[in-house]
Amino acid sequence: MGNTSSMLTQYDIEEVQEHCSNTFSQQEIVSLYQRFCQLDRNGCGFISAEEFMTVPEFAVNPLSQRLFRMLDGLNFKEFVAFLSAFSSRASLQQKVEFIFKVYDTDGNGKVTFNEMLDILRDLTGQFISEQQREKVLSHVLEEAGYTKDSLLVQADFVKILGNGLKMEVEVPVD
Amino acid sequence: MSKLNKSSSELDLDRPNIEDYLPSGSLQDSHPKLRLRDLLDISPTLTEAAGAIVDDSFTRCFKSNPPEPWNWNVYLFPLWCLGVVVRYGVLFPLRAIVLTTGWIIFLSCYFPVHFLLKGHDKLRKRLERSLVELICSFFVASWTGVVRYHGPRPSMRPKQVFVANHTSMIDFIILEQMTAFAVIMQKHPGWVGLLQSTILESLGCIWFNRSESKDREIVARKLREHVNGADNNPLLIFPEGTCVNNHYTVMFKKGAFELGCTVCPIAIKYNKIFVDAFWNSRKQSFRTHVLQLMTSLAVVCDV
């Protein structure tokens, strides 16, 4: 599909499958490759910001900038690993890890009050004031047994988000 | 409590319900207790984003679906080979000749008419219109177009605009064959631009330039003038703004519908039985596209 210089060999597929810990089947990986090539129009091996923004449904998402920062410069193998959290075969641990990474912008393994506030701001934006946001977040944190200065780690996220986390995307296989 | 702006419901679909987050006391009725989990759980939004990355309906509109190969079997393969020979060896040269003849006739009639009848505008316009229809018929014949027109033919009335879906540049030619429309088009460079400024100008076509910002108002004014004029050719607009793969339509741009006149829709459906007429301008140049059409058995479509 598109102007790719190399086609996906069986060896490549297996390597990618291993890299994403078998969360995608081989046909899904082939479909994802076609999609990757479709998005990567200039064929440079990774999807740039403009290419992502041409997908209207992605551009309109409030978390698109954050996700883009995580997706920037990824080659196909890493792209599949990124999406592996959304597979039906992914474990709860993998899904929570993904959400944790979205929150933890500085990547130090700890999520601060401000990092949680940042995401809340992305989602609620102009609908509530900064003051109200902080009030709500601290109120809810205290109720759950944390304080405004608590640093949440991944284990905390697993405890908080618990079971019943639905985060799945189906890869269309022609 | 300060006032909250209520947004429209479409924006709110996946946003957390704002009222749930206000500390209780400012709420009239009781809501279920808000937990940290509800605030931190961004999985719906993430799922939507990932869904858009994996597949989205907009890109699907531009995908050219390759035809299923039908010739890989002992009986059909020789037939297909024969077909290739016929298409490239017999049909293509014939069509090229037809097209060249058509151009010769057209050019030799057009220029005299254009220059000699400068004074007699009405007659000149009518002749030019018939000539354009003629050359378009030649074009259609050059790819053996089998076109079925349904419904009443457009008449020359003021205050009406025609809109059609867009699959390829040949849409315009197929429609011109039936009636000489005035179209709104992007000004192209090169020999196409030359054609545009000489011949199509006489039909009353309007040009626009996507890169110029002031262009929009100028074009909107020209469009309005055109539809209000009684003896201008009927105006044809492709509201999608780009070529789509004939399986879906893309959201219409509003320009065509703001002119304050009756909108008459035209649907063009190509039958992919012999050739896929979708011009994927990212994949093929126009020349390749035309050559592909001329070397296929036929172009079948319904209008």
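The values are calculated or read from the model by the stated rules, or taken from the named source; none is laboratory data. Just so you know, these numbers come straight off a predicted model, no measurement behind them. FYI the Cβ positions are ideal-geometry reconstructions off the backbone, even for glycines, and counts take in every protein chain you see. Heads up: the accessible areas ignore ligands, DNA and RNA and are worked out on the full protein's heavy atoms, side chains in. Shrake-Rupley method; radii C 1.70, N 1.55, O 1.52, S 1.80 Å.
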Is it true that A:GLN131 is closer than 30 Å to A:SER25 by Cβ and open to solvent by 10 Å² or more (accessible area, probe 1.4 Å)? no
Filter result for the condition that a residue is assigned to a helix (DSSP H, G or I) and either modelled with pLDDT under 75 or open to solvent by 50 Å² or more (accessible area, probe 1.4 Å) (or both), over B:VAL132, B:VAL84, B:VAL140, B:VAL113: B:VAL113
Going residue by residue through the stretch B:233-247, is there one that turns out to be without any contact (Cβ under 8 Å) to a residue 60 or more places away in the chain, out of contact with any helix residue (DSSP H, G or I) (no Cβ under 6 Å at 6 or more places or on another chain) and among the hydrophobic types (A, V, I, L, M, F, W, C)? no
Using the structure shown, decide if A:MET70 is assigned to a helix (DSSP H, G or I), under 25 Å from A:PHE36 (Cα atoms) and either at the interface with another protein chain (Cβ under 7 Å from one of its Cβ atoms) or at pLDDT below 90 (or both). yes
Residues located in the stretch A:145-174, provided they are more than 10 Å from every other protein chain (Cβ to nearest Cβ) and surrounded by 16 or more Cβ atoms within 10 Å (Cβ to Cβ): A:SER150, A:GLN154, A:VAL158
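Here is a yes/no grid of residues against (1) part of a loop (DSSP other than H, G, I, E, B); (2) more than 18 Å from B:ARG37 (Cα to Cα):
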| site | (1), (2) |
| --- | --- |
| A:PHE82 | no, yes |
| A:SER88 | yes, yes |
| A:GLU97 | no, no |
| A:VAL102 | no, no |
| A:GLU134 | no, no |
| A:GLU170 | yes, yes |
Determine whether the stretch B:237-255 contains at least one residue that is over 11 Å from the mean Cα position of the chain (by Cα), surrounded by 20 or more Cβ atoms within 10 Å (Cβ to Cβ) and hydrophobic (A, V, I, L, M, F, W, C). no
